[in-house]
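Structure record follows, encoded as structure tokens.
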Amino acid sequence: MHILVVSDSHGNTSNLKEAMLRHPEVTRVLHCGDGEADVAALSAAYPSVRFDAVRGNCDLGALLPLQRLLRIAGRRIFMTHGHSYGTKYGMELLLEQGRKERADVVLFGHTHRRLIERQDGILLVNPGSIGGRFPARTATYVVLDLSDGVVTAEGYEL
């Protein structure tokens, strides 16, 4: 199973569509916030793909949850935007929550900087900004592969 992980699209649906076109194997999209309207537009364009999203700090008035715990292919995936956990200043609070949730994978956004690393047995993933906004300037995203009982993550640029 391949999952497209994005965050911080900030209205840039063309980059989201480009990522979808580059990865036709994707069956699910996880959006880590700051793009509620973009998720709605993309889900209408790709009705056979499942979309899950959380609310970011710029999703004002959104009805999306601040965080979610998903169970996909036998894995526990905790996702949040990250602003509630101070991710611009460190990962400690986010990792602590990931441990509480017994997460295999923790997904977040907010910093606009891609990160893929293992800490405390948890795969920590920030796809960066699919919108290509400051400070990254380059649109980035991640594809999770949950095949064969192993979770891997690979980063991409548009």
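Miscellaneous remarks
- Out of Thr111, Thr138, sole residue that is in a loop (DSSP other than H, G, I, E, B), surrounded by fewer than 18 Cβ atoms within 10 Å (Cβ to Cβ) and not basic (Lys, Arg): Thr138
- Inside the range 73-92, residues that are part of a strand (DSSP E or B) and closer than 15 Å to Ser129 by Cα make up a count of 1.
- Hits in the range 33-53 (condition: open to solvent by 50 Å² or more (accessible area, probe 1.4 Å) and touching an Asp or Glu at 6+ places or on another chain (Cβ under 8 Å)): Glu36
- Where a residue in the range 137-150 is free of Cβ contacts under 8 Å to residues at least 24 places away in the same chain and its partner, wherever it lies, is assigned to a strand (DSSP E or B), with Cβ under 7 Å and at least six apart: Thr138/Glu157
- Within the range 7-19, residues that are in a helix (DSSP H, G or I) reach partners that are of a type in the set (Ser, Thr, Tyr) and modelled with pLDDT of 95 or more with beta carbons closer than 6 Å, at six or more positions or on different chains, in the pairs Leu16/Ser9; Ala19/Tyr141.
- Boolean, Ser129 is of a type in the set (S, T, N, Q), closer than 20 Å to Gly11 by Cβ and either surrounded by 13 or more Cβ atoms within 10 Å (Cβ to Cβ) or modelled with pLDDT of 95 or more (or both): yes
- Conditions (1) free of Cβ contacts under 8 Å to residues at least 24 places away in the same chain; (2) over 24 Å from Leu146 (Cα atoms): number failed by Asp38: (1)
- Filter pass, His2 being closer than 21 Å to Glu157 by Cα and open to solvent by less than 50 Å² (accessible area, probe 1.4 Å): no
- Conditions (1) surrounded by fewer than 15 Cβ atoms within 10 Å (Cβ to Cβ); (2) not in a strand (DSSP E or B): number failed by Glu117: (2)
- Options Leu70, Leu95, Leu64, Leu30; residue that is part of a loop (DSSP other than H, G, I, E, B) and in contact with a strand residue (DSSP E or B) (Cβ under 8 Å, 6 or more places away or on another chain): Leu64
- Exclusive hit being of a type in the set (D, E, K, R) and in contact with a helix residue (DSSP H, G or I) (Cβ under 8 Å, 6 or more places away or on another chain), set Asp148, Asp120, Asp104: Asp120
The values are calculated or read from the model by the stated rules, or taken from the named source; none is laboratory data. All values reported here derive from a predicted model rather than from experimental measurement. As a convention, Cβ positions derive from the backbone with ideal geometry for all residues, glycine included, and neighbour counts pool all protein chains shown. Areas reflect the complete protein model, heavy atoms only, side chains present, ligands, DNA and RNA absent. Shrake-Rupley method; radii C 1.70, N 1.55, O 1.52, S 1.80 Å.
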